[in-house]
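Shown next, in structure tokens, is the structure this report addresses.
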Amino acid sequence: MDNTQFKPYIPAEKIVPEMTALSIIMGMILSVVFGAANAYLGLRVGMTVSASIPAAVISMGVVRVLLKRDSILENNFVQTVGSAGESLAAGAIFTLPAMFLWAKDGIMEKPGLVEIMIICLFGGLLGVFFMVPLRNALIVKEHGILPYPEGQACAEVLLAGEEGGASASTVFAGLGISAVFKFVIDGLQLVPSEINTPDKGMGSYAGQIGTQIYPAVFSVGYICGPRISSYMFAGGIVSWMMLIPLIVLFGSSAVMYPGTAPIGEMFASGGVGAIWGSYIRYIGAGALAAGGIISLVKSLPMILRTFRDSVKSLAGGQGESNIRTDRNLSMKTVVISIAVLIVLIAAVPVIPVGIGGAILITIFGFFFAAVSSRMVAIVGSSNNPVSGMAIATLLISTVILKATGVTGAEGMKTAIAIGTIICVIAAIAGDTSQDLKTGYLVGATPIKQQYGECIGVVVAAIAIGGVLYLLDAAWGFGTEEIGAPQAMLMKMIIEGVMGGKLPWGLVFAGVILAVVIEILGIPVLPFAIGVYLPVQLNACIMIGGLVRLYYDKKKYQNENERTAHVNRGVLYCSGMIAGEGLVGILLAVFAVAGLSEGLNLSGRLNLGYGAGVVASAVVFVLMIALTIHFIERGSKTKA
């Protein structure tokens with residue numbers, strides 16, 4: 001394609017409001033909101049969802065409808081700042097909870113709030129600065145070649161801004177309704193959060209099946225779609241309806257590490273959950289590790305080509321430009337900023353990496369930032385193998401640290417700090433790449449977007465430590481409430497390399513399971529996450545996927561009508577994720593403050609098993625019915 005012919009929606013010579021006080025403040029608020037909500041979601045279900053489109057829609061609803069202002073670039077700036085919070089949270093939650101888990105084991109102290117903030121801040125800023133020099137090559141020169149799925153979709157939403165009011169009301173409806181459901185289920189505890197078969201199995205069969213009724217978990221299924229949902233559900237079925245019954249059946253009298261009592265006794269006292277907590281999570285972690293490595297190996301040819309092409313694009317330099325839509329941070333600013341950040345990473349005592357760790361971060365950081373920036377352009381942010389990159393970084397870093405004599409708690413802490421910074425770099429570089437593509441299409445000023453990314457990183461880095469501390473204090477990481485699958489995996493990898501005692505038989509069983517799944521042609525990572533997480537959570541995701549399947553397959557008058565229905569569902573579910581995440585954070589505050597028992601009405605209602613199942617089913621059906629209502633509502637108002 002001849003890129004000289006491309007004309008953005010807002011021409012370069014036209015000046016409209018963009019980086020204003022309003023757009024900065026709104027972006028900062030949404031960065032914290034979506035960062036906190038996605039941290040909560042990611043720690044529960046092992047994945048996050050993009051915040052760009054819901055942030056853009058909320059901005060359009062406020063700026064265009066309530067304030068009667070009309071600037072597409074203001075709305076684009078808001079989503080640029082807002083989406084940075086979600087991406088930084090994704091990078092942080094994959095790794096940092098490992099330190100909290102080690103603190104629980106008495107190996108080290110918890111990371112301080114300042115330590116978390118600085119690690120995330122430096123990683124996020126490096127992600128932005130590593131990506132900026134690649135903009136001209138990836139976004140301008142390869143316009144029409146690299147698809148940038150999320151960046152294009154967000155631009156289309158912004159360009160269809162006349163629907164901003166209706167779309168924003170859909171997001172806010174999802175947020176408000178989800179908040180009410182979450183408070184009823186987990187705050188007041190009026191109904192059980194799960195619909196289950198008996199915890200002790202059915203007769204001699206020790207399996208269990210059921211579903212959670214949480215709006216955010218259901219929403220993940222709708223947004224991810226039926227394929228990913230079904231892979232996760234299949235993993236849950238294998239672990240809870242095959243592996244757990246087999247462990248109980250054949251190992252009833254055995255004492256198997258990490259358990260400390262005979263398996264039969266554990267099952268009799270703790271039910272299916274006790275077997276899941278002691279054994280299945282290690283099988284799931286092994287499958288996750290294998291899945292991440294398989295994903296990385298399969299992506300390696302593309303990763304190497306991507307890195308080669310990205311480095312080639314730097315050879316000619318980005319150059320300075322006086323044209324508004326081509327103005328970037330100068331290379332001098334970028335290089336000095338990167339150098340200062342690397343020196344600070346090596347020198348600041350609160351970041352426990354030293355000079356060697358800073359060198360590793362520079363090498364891996366630039367490599368994975370270049371890879372992530374281009375890969376999101378090809379496969380989208382959702383398929384960007386950040387966890388695979390983190391696994392590779394942790395394995396190599398931990399081996400190097402051990403070889404140089406940095407072992408024990410010091411080596412483990414250094415490895416996880418390096419892994420966190422790399423994870424955040426990769427996530428933020430991918431987000432910056434997508435946001436700059438959206439800006440290129442609508443005619444934004446690149447340098448202002450780059451400032452926006454930095455603002456979003458700063459705000460989210462300040463907030464993320466408090467969110468992690470709250471969730472750990474309220475429920476604890478690695479529990480059934482906050483599973484933190486990726487962080488448990490990173491912890492296991494570092495402990496394994498450092499020589500810690502692990503149930504390697506269970507871990508390798510998970511690895512073999514992942515290899516078999518790969519041979520069958522099924523994507524390993526979603527299946528492995530399903531093995532690791534409770535089946536009730538996977539089933540709720542599957543139900544959301546089935547609702548999405550209905551709207552994907554339903555007969556419409558034309559393709560535009562299909563897209564409109566599906567997108568309304570995505571917006572409503574994005575709102576539900578944000579609503580539940582925020583109430584989840586609020587309930588964590590109540591739990592830490594000792595207020596939870598005062599809210600809990602379950603003891604006063606004293607619902608039996610049968611009545612509890614019926615009450616939960618009624619609430620869940622109502623939640624699904626409201627989702628369908630808001631998906632269909634747009635078509636009725638247009639008719």
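Quick notes on this one:
- Those helices (runs of 4 or more DSSP H) of segment 210-295 in which at least 1 residues are farther than 24 Å from Gly545 by Cβ, considering only elements entirely within it, cover 244-250, 263-275.
- Close Cβ contacts (under 8 Å, 6 or more residues apart or on different chains) running from residues in segment 347-372 that are touching a residue at least 24 places away in the same chain (Cβ under 8 Å) and among the aromatic types (Phe, Trp, Tyr) to residues that are assigned to a helix (DSSP H, G or I) and open to solvent by 30 Å² or more (accessible area, probe 1.4 Å) comprise Phe364/Ile396; Phe367/Phe307.
- Cβ pairs under 9 Å, 6+ apart, first in segment 321-336 and farther than 25 Å from Ile10 by Cβ and open to solvent by 70 Å² or more (accessible area, probe 1.4 Å), second among the aliphatic types (A, V, I, L, M) and not in a loop (DSSP other than H, G, I, E, B): Met331/Val132
- Residue in segment 225-239 that is without any contact (Cβ under 8 Å) to a residue 24 or more places away in the chain, hydroxyl-bearing (Ser, Thr, Tyr) and more than 30 Å from Val457 (Cβ to Cβ) present: no
- Residues (more than 31 Å from the chain's Cα centre (by Cα) and surrounded by fewer than 16 Cβ atoms within 10 Å (Cβ to Cβ)) located in segment 231-263: Leu246, Leu249, Phe250, Ser252, Ser253, Ala254, Val255, Tyr257, Thr260, Ala261, Pro262
- Considering the conditions (1) out of contact with any Asp or Glu (no Cβ under 6 Å at 6 or more places or on another chain); (2) modelled with pLDDT of 90 or more, Gln212 is excluded by exactly one of them, (1).
- Test: residue in segment 184-195 that is within 24 Å of Gly530 (Cα to Cα), part of a helix (DSSP H, G or I), open to solvent by less than 30 Å² (accessible area, probe 1.4 Å) and among the charged types (D, E, K, R): no
- Candidates Ala460, Ala369, filtered to the one that is touching a helix residue (DSSP H, G or I) at 6+ places or on another chain (Cβ under 8 Å), under 13 Å from Phe130 (Cβ atoms), part of a helix (DSSP H, G or I) and open to solvent by less than 10 Å² (accessible area, probe 1.4 Å): Ala369
- The residue that is farthest from the chain's Cα centre (by Cα), among those in segment 300-342 that are among the charged types (D, E, K, R) and at pLDDT below 80, is Glu320.
- Gly483 meets each of the listed conditions (1) within 21 Å of Met242 (Cα to Cα); (2) assigned to a helix (DSSP H, G or I); (3) open to solvent by less than 20 Å² (accessible area, probe 1.4 Å) apart from (2).
- Test: Leu546 is at pLDDT below 90, surrounded by fewer than 24 Cβ atoms within 10 Å (Cβ to Cβ) and hydrophobic (A, V, I, L, M, F, W, C): no
- Set Val33, Val45, Val49: member being modelled with pLDDT of 85 or more, of a type in the set (A, V, I, L, M), under 30 Å from Leu96 (Cβ atoms) and within 31 Å of the chain's Cα centre (by Cα): Val33
- Subset tally (residues that are surrounded by 19 or more Cβ atoms within 10 Å (Cβ to Cβ) and polar (S, T, N, Q)) for segment 561-596: 2
- Single match in Ile522, Ile512, Ile447 (criterion: within 22 Å of Ser372 (Cβ to Cβ) and open to solvent by 10 Å² or more (accessible area, probe 1.4 Å)): Ile447
- Matching residues, segment 49-87, being in a loop (DSSP other than H, G, I, E, B) and of a type in the set (Val, Ile, Thr): Val49
The values are calculated or read from the model by the stated rules, or taken from the named source; none is laboratory data. Values in this document were obtained by computation on a predicted structure and should not be read as measured data. Glycine also receives a Cβ, built like all others from the backbone with ideal geometry; neighbour counts cover every protein chain displayed. Just so you know, the surface numbers come from the protein's heavy atoms only, side chains and all, with ligands and any DNA or RNA stripped out. Shrake-Rupley method; radii C 1.70, N 1.55, O 1.52, S 1.80 Å.
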